[in-house]
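Asks: Structure incoming, see below.
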């Protein structure tokens, strides 16, 4: 709280105008970042808010391959809806996953931004034909969910090799780091028609689990 | 050299409305052997197709080919379409200033139409006529733009491949494209148009429907009303000196019932210019041709409009493709 004593009328008017004319809400995610206890106590609210902010960021930032490709409220038909993308991201906030408050590298929102943009740019570089293409499930809910699980596996692999993931200046890995992993994945086409011809379809949470095993197996061979 | 591809990564059908990202365009055009030329995709492909036994009946199913030279031809087409669009914009200005509303609207349509063709070429696609045993209308569809793999087909062209299909394709593709300025969304997003071919429909009404066009000669009051409104718009534009300022004004004009298509044509020209800006940065031959084109345009404008204070185009045209900073 701030108090002013003996201000003249013009200063009062100036402060009144500044407060009421320029005031903006701060990003609610900042509140949660600044108050870790609140983050833990209101984890569901926090996750919803953070995931929504991440999806908005991916859909709006100029470097993101997702820019204008996510079905936000009021947008035209898109390959993945905002709510599906949020559902895929929310799993990363569960205990033991990448975006929990205990994670040493990806607790902060800015790190999550950087990581997701760099990772999906690496995916897009290797899958430009399949990217945002309805004939492929790469950018649909099942594909995004599996790709995010693969990302966690890649980060675990990098950590096991003592690769520096981040420091005080920000993310130390980038699309080039992900390139070799995604190159291994490209033998898998994410083609709906090809999988259907083999009698395979990835539907619902069971389909996501099956697809996740498949992509991790293609990249890591286990 | 043209290579036939038997197992493409995707089918033409799945790529008809594919919207390539800026990164894809950069990779494709960076690797294209661009040389300024008047050789169109049709000029380049037709002799090869004839010599390899293809005829006008060959494209009921798709032919997949790979050749970076096609990407280079598409860039030459994109630049040529942009220049056509610019010429029509200049003609529109002269006609509208003089109250010749009907033909001002028709030339404005062509400015918009050629911009759309330019933007489609920048996405690696074109609708063209191959000269084989008979002329055959086909579309060239980029199946993998980065590696210059294209499908040729005469399917999916629609009932009006000249003045409807390009518009429909344009909106499907650019609806998801990350445009560089909010004003560009007005000409790229399907949500901002009730009918993708609305500009073609208006042009057809003016040109071909009895008593729809040339009202200015029958109603002299309309002649004055139209030129007066147009003059007020361009006088606002004449005070602008940066591209973002122009785009902000045009964003406002684009919802005006009388002059929305005028603003939309200029917004498309600006969009094509901004896309070319980042492509030019990765290919020195394209950049050199752009510099030569700009000089040509400015010489032409200086000849047509010798008094620098009289035409907004003298300020707007040099800003096309100059960046938003």
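Asks: Any chance you could count how many residues in the range A:78-94 are in a loop (DSSP other than H, G, I, E, B) and closer than 25 Å to residue A:172 by Cα?
Replies: Selection size over the range A:78-94: 1.
Asks: Something else now. Can you name the number of the only condition in (1) more than 14 Å from every other protein chain (Cβ to nearest Cβ); (2) touching a helix residue (DSSP H, G or I) at 6+ places or on another chain (Cβ under 6 Å); (3) surrounded by 16 or more Cβ atoms within 10 Å (Cβ to Cβ) that residue B:181 fails?
Replies: If we test residue B:181 against (1) more than 14 Å from every other protein chain (Cβ to nearest Cβ); (2) touching a helix residue (DSSP H, G or I) at 6+ places or on another chain (Cβ under 6 Å); (3) surrounded by 16 or more Cβ atoms within 10 Å (Cβ to Cβ), just (1) comes out false.
Asks: Among A:158, A:147, which is the only one that is away from chain B (no Cβ under 14 Å), out of contact with any strand residue (DSSP E or B) (no Cβ under 7 Å at 6 or more places or on another chain) and closer than 26 Å to residue B:176 by Cα?
Replies: Going through A:158, A:147 in turn, the sole match is A:147.
Asks: Take residue A:173 and tell me if it is part of a helix (DSSP H, G or I) and crowded, with 18+ Cβ neighbours inside 10 Å.
Replies: Working: part of a helix (DSSP H, G or I): no; crowded, with 18+ Cβ neighbours inside 10 Å: yes.
Against the criterion (part of a helix (DSSP H, G or I) and crowded, with 18+ Cβ neighbours inside 10 Å), residue A:173 does not qualify.
Asks: OK, next. Which of the following residues is away from every other protein chain (no Cβ under 14 Å), surrounded by fewer than 22 Cβ atoms within 10 Å (Cβ to Cβ) and in a helix (DSSP H, G or I): A:52, A:97?
Replies: The conditions single out A:52.
Asks: Where in the range B:1-106 are there helices (runs of 4 or more DSSP H), lying wholly inside it, with at least 2 residues that are under 13 Å from residue B:124 (Cβ atoms) and within 18 Å of the chain's Cα centre (by Cα)? Spell out how you get there, then give the answer.
Replies: Numbers: elements: B:12-15, B:22-30, B:41-51, B:68-97.
So the answer is B:22-30, B:68-97.
Asks: Let me ask something additional. Could you please let me know if residue B:61 is away from every other protein chain (no Cβ under 14 Å), out of contact with any helix residue (DSSP H, G or I) (no Cβ under 9 Å at 6 or more places or on another chain), over 22 Å from residue B:147 (Cβ atoms) and in contact (Cβ under 8 Å) with a residue 12 or more places away in the chain?
Replies: No: the conditions fail for residue B:61.
Asks: Give the number of residues within the range B:107-157 that are away from chain A (no Cβ under 14 Å) and assigned to a strand (DSSP E or B).
Replies: Qualifying residue count for the region: 14.
Quick note: the coordinates plus some simple rules give every number you see, no bench work behind them. Worth saying up front: this structure is predicted, and the values here are computed from it rather than measured. Cβ sites come from the backbone with ideal geometry, for glycine too, and all protein chains shown count toward neighbours.
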